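Novice: Sharing a structure here in structure tokens format.
The values are calculated or read from the model by the stated rules, or taken from the named source; none is laboratory data. Note that the structure is a prediction, hence the values are computed from the model and not measured. All Cβ positions, even for glycine, are placed from backbone atoms using ideal geometry, and neighbour counts span all protein chains on display. Just the protein is used for accessible areas: all its heavy atoms, side chains included, with ligands, DNA and RNA removed. Shrake-Rupley method; radii C 1.70, N 1.55, O 1.52, S 1.80 Å.
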Amino acid sequence: MKIKAIIHPAEEGGYWAEVPALPGCITEGDSLEEVTHNLKDAIKGWLAVANESYEIKSFIGTSEVEDLKNALGKYVLYEKIIKRQQIEAEVSQLKDLKERTTDQI
């Protein structure tokens, strides 16, 4: 069985992958090897769940894929906001440390 998967470079490093024919089947990894391994597991898991529920359907329409991309975009944006807040907090801590160190000298 051949299933088309798309692997994208992640902005924060590593990779993320999606399977357009299997809505919600996405994964990530730090390397191409890891994302490929995780992708195989994600596809197997998705198909196992679909098979158990006897609800394997044809997802030919593009609306499901677009919905998935929109949801993923919101998730990535949320992750970026969290990362930025973490970086800003670390920078603030470093500035405070520098000021305290300078005051002691």
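Novice: Of the residues I7, I56, I60, which single one is more than 21 Å from K83 (Cα to Cα), open to solvent by 60 Å² or more (accessible area, probe 1.4 Å), outside any helix (DSSP H, G or I) and modelled with pLDDT of 90 or more?
Specialist: Selected residue: I7, the only one of I7, I56, I60 that is more than 21 Å from K83 (Cα to Cα), open to solvent by 60 Å² or more (accessible area, probe 1.4 Å), outside any helix (DSSP H, G or I) and modelled with pLDDT of 90 or more.
Novice: Filtering the stretch 10-38 down to residues that are hydroxyl-bearing (S, T, Y) and not in a loop (DSSP other than H, G, I, E, B), which residue is nearest to the chain's Cα centre (by Cα)?
Specialist: Selected residue: T27.
Novice: Keeping to the stretch 19-34, report how many residues are surrounded by fewer than 16 Cβ atoms within 10 Å (Cβ to Cβ) and either among the aliphatic types (A, V, I, L, M) or in contact (Cβ under 8 Å) with a residue 40 or more places away in the chain (or both).
Specialist: Total meeting the criteria: 2.
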